[in-house]
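One structure is given here, and the rest of the page talks about it.
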Amino acid sequence: MYERILVTLDGSSYSEEIMAYAAGLAAAAGSALTLLRVVDKAADAPEAEAYLQRLAAAHGAQGECVVAPGDVATAILAHARQVPGTLVAITSHGRSGLLLPMLGSVALNVVRASGGEPVLVYRPTGQAQVGAAALKVRSVVLPLDGTELSEAMIPQAGELAKRIGAELEIVGVVDPRQFSGSDMPHSDDMKGLESGYVRNQARTLSERYQVPADWEVLHGEPAEAITGYISGRRDVILAMATHGRTALKTALLGSVTAGCLRAAGVPVLMRAP
């Protein structure tokens, strides 16, 4: 799993903010670390190569520049598929900054066209320290709600936690908004039903992947509850599925995943079904 971490860069400090996570994953998993820059014109390649080599040397990585006019996302995925077991790591914003829709067009197209393969996406802040040391990820947080869509991320989250020696945290969220009027169960009953599910999942997945696993039931709007749960923690990766191919045609990947990517301050391992 993940024999190579492929970090896509555009020369901006925004795109470099994912480097600390990518380098940490590569070190923990024993994976190769490759930095990729895609340029439109061959004339731009020498400058891009020099930039990549400087950054690669600082992280013990390999730098590769590709000249590919047109669709950058297609070029990224084509390069990724040359090495089986490659995880693409990309920021949701790059050279154009943070004033675009929540997920930039390149990152959006990479996730959408990845063929169901997970992509690690990070929303840069514009304030993070570029060139920071590799960051050790200690927890993979997996929100589950009992649906097939959420459980589709179980293999990726479990295998990642096992490979990097991290804890698996199973999170359920009780959202009162899904009930109305007389249909509203007592909050303790709601939490009790959810806790049984997440507790059993934590026990099962701990045994399956041979990793420590914990669980927690949160209360409130899911994106807010999940981001609040991990607030202040940098050593975390979220593992979440998107709503589906239709949702991917917009700038959002589904309200919960989008909300977490926007506000959690940590990378999200996501995949399109």
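Any read-out appearing in this document is the output of simple, stated calculations on the displayed coordinates, not a laboratory observation. Because the structure is predicted, anything quoted here is derived from the model rather than measured. We place every Cβ from the backbone using ideal geometry, glycine too, and count neighbours over all the protein chains shown.
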Legend entry - Net charge over other residues, Cβ less than 11 angstrom from the Cβ of Leu77 (K, R count +1; D, E count -1): 0
Legend entry - Asn200/Ala113 FRET efficiency (R0 35 Å; Cβ-Cβ; nearest 0.05): 0.50
Inset, instruction - Evaluate the relative contact order of the range 4-122 (contact order divided by residue number), counting alpha-carbon pairs under 8 angstrom at least 6 apart; express in whole percent. - result: 31 percent
Legend entry - Total formal charge among the other residues, if their Cβ is under 11 angstrom from that of Pro143, Lys/Arg +1 and Asp/Glu -1: -4
Inset, instruction - Would you order Met153, Met19, Met1 from fewest to most other beta-carbon atoms within 10 Å of each residue's own beta-carbon? - result: Met1, Met153, Met19
Inset, instruction - Report the full-extension gain for the segment Ser231 to Leu149: residue separation times 0.36 nm, less the Cα-Cα distance, to one decimal in nm. - result: 27.0 nm
Legend entry - Radius 15 Å from Cβ of Cys65, net charge of other residues (Lys, Arg +1; Asp, Glu -1): -3
